[in-house]
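Read through the structure below, which is laid out as structure tokens, and then see the notes.
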Amino acid sequence: MPFDQTKDVLNQARKFHHRLSEFYDDLKDLTDKERTRALLDYLCRHELYLENCLKEFQQDVNKNVLDSYFQYGSDASKLSGISEFVIKDEMAVEDVVAAAMHFDACLIKFYREIAEKAHSEKVREVFENLLVMEEHEQIELSKTTLELGLVATT
């Protein structure tokens, strides 16, 4: 079973946000629809913002907590999801929203599993806080897309 320090897991989450930003930026080249491009541009910038927020969050966490080792199962140690998502030839707004929701769900699952496996209460708190933040981000994405009329409500 893998062992990592809390800071390693936080770095992995930051890298995930960075890769998501690059992913959304790359998708912009695959569409000529202005609304889809606008949403992808927003998501690209938003993921960079979240990466920076996580970096600042990490700087505020106690060094003893960051240096704490913990053991977790191999499934929880993987923060994946980008490569698992099927990219269509032409991404509609609904496809982009589905992708963003999928990636948010990947992070929520990751944070939940890490929090459940943490032996230290302080480490558990770190990942529970990130879990709450990511659940909030998922809700905000839903609200934003509805407010902007980007997804049809049937």
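We did not get these values from a lab; they are worked out from the coordinates using the rules stated. What you see is a predicted model, and the numbers here were worked out from it, not measured in a lab.
Things to note:
- Straightening the chain between Arg124 and Asn52 buys 23.8 nm, computed as 0.36 nm per residue apart minus the Cα-Cα spacing.
- Taken one residue at a time, the phi angles of the range 28-43 give Karplus couplings (6.51, -1.76, 1.60, θ = phi - 60°) of 4, 6, 8, 10, 10, 7, 4, 5, 5, 4, 5, 5, 5, 5, 4, 5 Hz. Gly and Pro are set to x.
- The HN-Hα couplings worked out from phi for the range 19-25 by the Karplus form 6.51 cos²θ - 1.76 cosθ + 1.60 (θ = phi - 60°) are 5, 4, 4, 5, 4, 5, 5 Hz, whole numbers, x standing for Gly and Pro.
- Inter-centroid distance (Cα atoms) of the range 17-35 relative to the range 91-122, Å: 19
- Length released on extending from Asp67 to Asp29, taking residue separation times 0.36 nm less the Cα-Cα span: 9.6 nm
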